[in-house]
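Report on the following structure.
The values are calculated or read from the model by the stated rules, or taken from the named source; none is laboratory data. For clarity, every value in this text was computed on a predicted model and none was experimentally measured. Here the Cβ positions follow ideal geometry from the backbone for every residue, glycine too, while neighbour counts run over all protein chains shown. Calculation scope for accessible area: heavy atoms of the full protein, side chains included, ligands and nucleic acids excluded. Shrake-Rupley method; radii C 1.70, N 1.55, O 1.52, S 1.80 Å.
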Amino acid sequence: MPVHPYSRDLHTVEQLRAMERASLAALGISGHELMRRAASAALNSLRRHWPQLQHICIHCGPGNNGGDGFLLGVLAREAGLQVELVALSATAHGDAALARAAWEADGGKVQLWDIDGVLPAAELHVDALYGIGLNRAPEPAVAQLIEQINHSGRPVLALDVPSGLNTDTGACPGVAIRACVTVTFIAGKRGLHTGRAADQVGVLELATLGVPDSVYAAMSPDAQLLIADALPPRLRYANKGDNGHVLVIGGEHGMAGAVHLAGESALRAGAGLVSVATRAEHVFALNAARPELMAHGVDGPQALAPLLERAGVLALGPGLGQAAWGHALWLTALDANKPLVLDADGLNLLAREQRRFTVPTVMTPHPGEAARLLGVATREIERDRFAAARELAKRYAAVVVLKGSGTLIADPDGRLDVCPWGNPGMASGGMGDLLTGIVAALLAQGCSAWRAACLGVGLHARAGDRAAQQGERGLLASDLLAPLRELGNGLSSCERDG
C-alpha cells in the first residue's frame, strides 16, 4: 500500500472536523457520500485482514460513526456476507439517519442494545459506536456492550477510533474497545499514537477517502510522527575530537549500573570520548567492564570542575541521588552552562529547585517525574500527555522527551513529534539511562537539542524493537546496544545541524 504524503501528520478533533468540512467542499459531495466512502474503505480492510469471514456483527451508535457502520452493513451484505446489526438507539442523526434508512430499506434488521443484552454470535465484531468526539466514559449500557465485545474471543475492527479512547489525548476515561485493526478516516489523529492507544488500536490503517492534497496542505498538523533516521556517514578524515566529549555525572552508592549504561550507550551512539564522574568506589568496576569509558571518582564539586572544563556535553542524573553529594554535583554541573541532557534524579532535583535553561537542554522525564516538575498528580500527566509535554518545554525552556508508550518530544515553541516505535519489553530498569547517553552523544556530534532528542528517541525505540524480536519479557537495556550501533550506521543520511 503506497504511503500517503501526509501520513505523518497528526491532528486534533477540532482540526479533523474542519478538514471534513473542507473535504466535502473540495470534493463537491454530500456527507452521506463521504460516509459511503468510509464504509467502502472499512469493507476493503475487513476483506484484506479476514478474507474467509462470512458472518459479522456491526455495532452502531447514533452519530456519524454509526452511519459508517450502517453503510458498511449495506456494502457487506451486497458482498455476500451475513450481517447482524446492533444499535444503541432507535434513532440516528443527520447523515447517519440516511445511512440507517439505507440499511433498513434493503431489508436490514436492527437489534436495539440494552444493559441486559446478549452479544450476537459472529466471526467478527465491528465497532461503530462512537466517533472522534467522545471525551467521557461510555454510559453503563454501552460499557457493558464494549466489555462483551472485548471478551468475545472474536477479532474486532474499529471504524475511525476505538470507542472509549479519547481521540485528542490517547486516554481512556472508562472502558474502551480493544481492536485488532483500526481503519481511521481522512487524516491521522494524535490520540491514536500515545498513552493507552497502544492497547486499544491494534493495526492502524489510514483511509484518506479520496480527499485532495489541498485539504491537507491547508491544515498545519498539531503533531507529527517521527521518521526513521540516522546521522550521515563520517568523513574519512574524522578523528575522535570531531565527535564530541560527553561527561556522564551520577552513580551514587549502589547505582554504578546507571552511569555504565549511559556512558556505554553514548559510545555506541558515536561520541568520540565519554568520561564518567561517579563515586570512587565504582571506578574499578567501570574500568573492568568498559575500559573505553574514562571513569573518575569525584567526592564533590572541586573534583568535578576539571572534568566539566574538558567536556562538551553533560549527561546529568543517572543514578545521581538527591542527597548532599548528588545535589552538589548537580548544582556545579548546571552552573557550567554546557549543553546537557537531564534525567532521573537530575529532574527530581530540578523539581525542587526550578530554573529555565539558556543552553541547549534535553529533559527526559517519565510521567512521574513530569508530574513532580509540574506540581501535579501523575494521572494529570497521563490525562493529556500532549499538554503536559508542551507545558514542560515552555516552563523550562528545554526540549522535553515525555517517555512512555508513544513517547512525545516537544520544544518550547510548541512543536511536537510522536514516536511510533517501542514495545512493552522496554519497561525495565536502565532503559532511561540508555536514552540519556544516546541523546547526549548526538548533541556532542553537532545535533541541535531538537534533532538530538528526535533522532535519539527514534534510535532507542527502534533498537528496542529489534532486540525484542527474541521476546519482550526479559529484555535488558544492554540488549539494545548492538542494534543501536547497527541502526546508527545503516540508515539514509540526513542534514547535520550546526
Examine region 334-355 for a residue that is more than 32 Å from the chain's Cα centre (by Cα) and not β-branched (Val, Ile, Thr), and state whether such a residue exists.
yes
Specify the residue that is nearest to Cys454 (Cα to Cα); the eligible residues are those in region 229-241 that are open to solvent by 50 Å² or more (accessible area, probe 1.4 Å) and either part of a loop (DSSP other than H, G, I, E, B) or free of Cβ contacts under 8 Å to residues at least 24 places away in the same chain (or both).
Pro233
Hey, among Asp213, Asp222, which residue is buried (at least 16 other Cβ atoms within 10 Å of the Cβ) and of a type in the set (D, E, K, R)?
Asp222
Looking only at region 6-16, count every residue that is open to solvent by 70 Å² or more (accessible area, probe 1.4 Å) and either touching a helix residue (DSSP H, G or I) at 6+ places or on another chain (Cβ under 7 Å) or without any contact (Cβ under 8 Å) to a residue 12 or more places away in the chain (or both) and tell me the total.
1
With the structure loaded, tell me whether Asp168 is among the acidic types (Asp, Glu), surrounded by 15 or more Cβ atoms within 10 Å (Cβ to Cβ) and either modelled with pLDDT under 95 or under 23 Å from the mean Cα position of the chain (by Cα) (or both) or whether it fails that test.
yes
All positions within region 180-189 that are open to solvent by less than 10 Å² (accessible area, probe 1.4 Å) and under 14 Å from Gly202 (Cα atoms)
Val181, Thr182, Val183, Thr184
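So that you can scan it fast, the table gives a plain yes or no per residue for (1) assigned to a helix (DSSP H, G or I); (2) out of contact with any strand residue (DSSP E or B) (no Cβ under 6 Å at 6 or more places or on another chain); (3) at positive phi; (4) at pLDDT below 95:
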| position | (1), (2), (3), (4) |
| --- | --- |
| Tyr6 | no, yes, no, yes |
| Leu16 | yes, yes, no, no |
| Met19 | yes, yes, no, no |
| Ala25 | yes, yes, no, no |
| Ile29 | no, yes, no, no |
| Glu33 | yes, yes, no, no |
| Arg37 | yes, yes, no, no |
| Ala42 | yes, no, no, no |
| Leu46 | yes, no, no, no |
Region 222-234, subset under 16 Å from the mean Cα position of the chain (by Cα) and not aliphatic (A, V, I, L, M), residue nearest to Cys447 (Cα to Cα):
Gln224
For region 75-96, which positions are over 36 Å from the mean Cα position of the chain (by Cα) and either exposed (fewer than 14 other Cβ atoms within 10 Å of the Cβ) or not in a loop (DSSP other than H, G, I, E, B) (or both)?
Arg77, Glu78, Ala79, Gly80, Gln82, Ala90, Thr91
Only residues that are closer than 20 Å to Val83 by Cβ and of a type outside the set (Gly, Ala, Ser): list them for region 147-163, please.
Gln148, Ile149, Arg154, Pro155, Val156, Leu157, Leu159, Asp160
For region 406-420, state whether one or more residues are without any contact (Cβ under 8 Å) to a residue 60 or more places away in the chain, assigned to a helix (DSSP H, G or I), more than 23 Å from Gly270 (Cα to Cα) and not hydrophobic (A, V, I, L, M, F, W, C).
no
Which pairs do you get when a residue that is among the acidic types (Asp, Glu), found in region 86-111, comes within reach of a residue that is not in a loop (DSSP other than H, G, I, E, B), reach meaning Cβ atoms under 6 angstrom, with the pair 6+ apart or on two chains?
Asp95/Gly31; Asp95/His32; Asp95/Met35; Asp95/Gly67; Asp106/Val74
So which residues in region 341-357 are open to solvent by less than 10 Å² (accessible area, probe 1.4 Å) and among the charged types (D, E, K, R), if there are any at all?
Asp343
Within the group Gly272, Gly263, Gly257, which residue is farther than 16 Å from Asp343 by Cβ and modelled with pLDDT of 95 or more?
Gly272
I'd like to check which helices (runs of 4 or more DSSP H) are fully inside region 242-340 and have at least 1 residues that are surrounded by fewer than 16 Cβ atoms within 10 Å (Cβ to Cβ).
283-289, 301-310, 324-335
